[in-house]
Structures are given as structure tokens and as C-alpha cells.
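Please read the structure below before turning to the comments.
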Amino acid sequence: MVTCFHKDTCLGCYLQNHHNGDKELLIGITPAGQSLEAAVEELMSEVSESDKVPETISNEDLRTALTEACEDVDFRWIDDEGERCEEQPETNEHGDSSQVWFVLEWGDD
């Protein structure tokens, strides 16, 4: 079984408890006004680059979990004041931009 949930949308330095635990993977993508389908494709790509996710989890199950996690997420950019905007804002003083963070979890079944 595989599940996924939206953890937060923020700069990486503000993400709380952002270590990968056993049987979980933290993944982040840049919010850029993309569609649900485009966001899921980006997340699938991120997951495919990880050697942590068991090969026994099917792409279909991954896609379903990621799609469900993305359904209510706002993928617009976030400016330095925390406001949503349609175009990419200037980066913060550290050169970071906001990320939409998800936690993918899986069990033994």
C-alpha cells in the first residue's frame, strides 16, 4: 500500500521534520502554475530518481496516491510575503524558491 499527502508549501528552510523516515520519501516540486496532471508527472519523475521507493510499488499505485495528494493543492508561486502570485517572484535572500512538499509513505503489504 502506498499513500501520499501534502506536507506544506514553503521554502525548504521552513519545512518542519523534513527528514526521510523508514518507508517514506519527502519530495518537493516548484509551484509554477502547473496543472494537476503536470504536477503529478513532476512528482512521478522525482520518485523515479529515488532508489528508496520499493520496486514492488506499481506506477499505477504511485500515480493514484500522488494524484489524490495533489487534488486540493494550489500550485501558484508564492512571493516573499507568502502571497500567491501568477508569475515567478524574485527569490529570497538565500536564493531559494518555495516548494510544494509531499510525503510518500508505503507499508509492507
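What the table below lists for this structure:
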read-out: Residue in the range 42-52 that is among the β-branched types (Val, Ile, Thr), surrounded by 13 or more Cβ atoms within 10 Å (Cβ to Cβ), under 12 Å from residue 104 (Cα atoms) and under 11 Å from the mean Cα position of the chain (by Cα) present; value: yes
read-out: Any hit, the range 13-23, residues being on the phi < 0 side of the Ramachandran plot and at pLDDT 90 or above; value: no
read-out: Pairs with Cβ under 7 Å, 6+ apart, first in the range 17-31 and under 11 Å from residue 103 (Cα atoms), second polar (S, T, N, Q) and modelled with pLDDT under 80; value: 26/20
read-out: Residue count for the range 13-41, restricted to those that are touching a strand residue (DSSP E or B) at 6+ places or on another chain (Cβ under 9 Å), farther than 17 Å from residue 104 by Cβ and assigned to a helix (DSSP H, G or I); value: 1
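The values are calculated or read from the model by the stated rules, or taken from the named source; none is laboratory data. Here the structure is a predicted model, which is why all the values come from computation and not from measurement. Note that each Cβ is placed from the backbone with ideal geometry, even for glycine, and that neighbours are counted across all protein chains shown.
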